[in-house]
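Taking it in order: structure first as structure tokens, then the write-up.
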Amino acid sequence: MKLVLLGPPGAGKGTQAKRLEELRGLKQLSTGDMLRAAAAAGTPLGLQAKQVMEAGQLVRDDLMVALIEERIAQADCAKGFILDGFPRTVQQAEALDAMLAASGRGGIDLVIELAVDEPALIERIAGRYSCAKCGAGYHDKFKQPKVPGVCDRCGSTEFVRRPDDRAEAVAVRLEAYRKQTAPILPYYRARGLLRSVDGMAPPEEVAAAIDKLLDEA
Ligand SMILES: [Zn+2]
């Protein structure tokens, strides 16, 4: 199974990918992890990538595709893989398809998009805060402490919010994601590979919907 998983930050993509790794043996391959691993392993491609990254430049598509080719040939990808963060442009999608075809693997089998309602997702993320002392997690709307202002677990009255969780910061990340993925959605839709799952549903429902799509594919 050669899967591309798309979803904005906060949509639970990591949770779903981890589950597919454990249950189906599909290896999650994120661009950043692949680059770091190849650089650390010191393969010729890895060293090239390392130079490019150290120079603060973007890794070229052909180099990234070559790294993916090297990576998916490894034993832990025998049952398949989940690409996360690649492709992001039509050129990358085409290069990926060309490489898979040339290596006799056939193309991508399925592209699953975790679709979100942006205002609801912003509310979900921006409402999060946690106890400064014990780290217990709370939410303005969905999970307040039983006694207002007092941590259920440790009794502390100090709480913290991550700057990354501010509504404006979340909105910026969502917009960046939309811009990045917008070009490749039509590419995969035109090939009949794109499926959408409601990413706002509870994680176990999202998992069930993904399972159904994988079983049908
Ligand atoms: Zn606490």
Inset, instruction - Evaluate the range 190-206: report whether one residue or more is of a type in the set (K, R), in a strand (DSSP E or B) and within 23 Å of K18 (Cβ to Cβ). - result: yes
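Consider D152 carefully, then state whether it is modelled with pLDDT of 95 or more and within 13 Å of the ligand (Cβ to nearest atom).
Working: modelled with pLDDT of 95 or more: yes; within 13 Å of the ligand (Cβ to nearest atom): yes.
Considered against the rule, which asks whether it is modelled with pLDDT of 95 or more and within 13 Å of the ligand (Cβ to nearest atom), D152 comes out as yes.
Among the residues of the range 107-130, are any of a type in the set (S, T, N, Q) and assigned to a loop (DSSP other than H, G, I, E, B)?
Residues of the range 107-130 that are of a type in the set (S, T, N, Q), as a first pass: 130.
Retained after the next criterion (residues that are assigned to a loop (DSSP other than H, G, I, E, B)): none.
Within the range 107-130, none of the residues are of a type in the set (S, T, N, Q) and assigned to a loop (DSSP other than H, G, I, E, B).
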Inset, instruction - Hey, could you check the range 129-145 for residues that are touching a helix residue (DSSP H, G or I) at 6+ places or on another chain (Cβ under 9 Å) and not hydroxyl-bearing (S, T, Y) and say which is nearest to the ligand (Cβ to nearest atom)? - result: H139
Inset, instruction - Kindly check whether there is at least one residue in the range 157-178 that is of a type in the set (S, T, N, Q), within 15 Å of the ligand (Cβ to nearest atom) and open to solvent by less than 40 Å² (accessible area, probe 1.4 Å). - result: no
Inset, instruction - Count, please, the residues in the range 96-119 that happen to be among the charged types (D, E, K, R) and open to solvent by 40 Å² or more (accessible area, probe 1.4 Å). - result: 4
Inset, instruction - Name the residue, out of A93, A78, A126, that is buried (at least 16 other Cβ atoms within 10 Å of the Cβ), closer than 25 Å to D215 by Cα and either under 24 Å from the mean Cα position of the chain (by Cα) or away from the ligand (no atom under 16 Å from the Cβ) (or both). - result: A93
Legend entry - Breaking point among (1) open to solvent by less than 30 Å² (accessible area, probe 1.4 Å); (2) within 25 Å of A98 (Cβ to Cβ); (3) within 18 Å of the chain's Cα centre (by Cα), for D33: (1)
Legend entry - Filtered residue count, the range 132-155, keeping only those that are open to solvent by less than 50 Å² (accessible area, probe 1.4 Å), farther than 27 Å from L121 by Cβ and not in a loop (DSSP other than H, G, I, E, B): 1
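The values are calculated or read from the model by the stated rules, or taken from the named source; none is laboratory data. A quick note: this is a predicted structure, and the numbers were derived from the prediction, not measured. When we count neighbours, we look across all protein chains shown, and the Cβ atoms used for this are built from the backbone with ideal geometry, even at glycine. The area values use the complete protein model at the heavy-atom level, side chains included, leaving out ligands, DNA and RNA. Shrake-Rupley method; radii C 1.70, N 1.55, O 1.52, S 1.80 Å.
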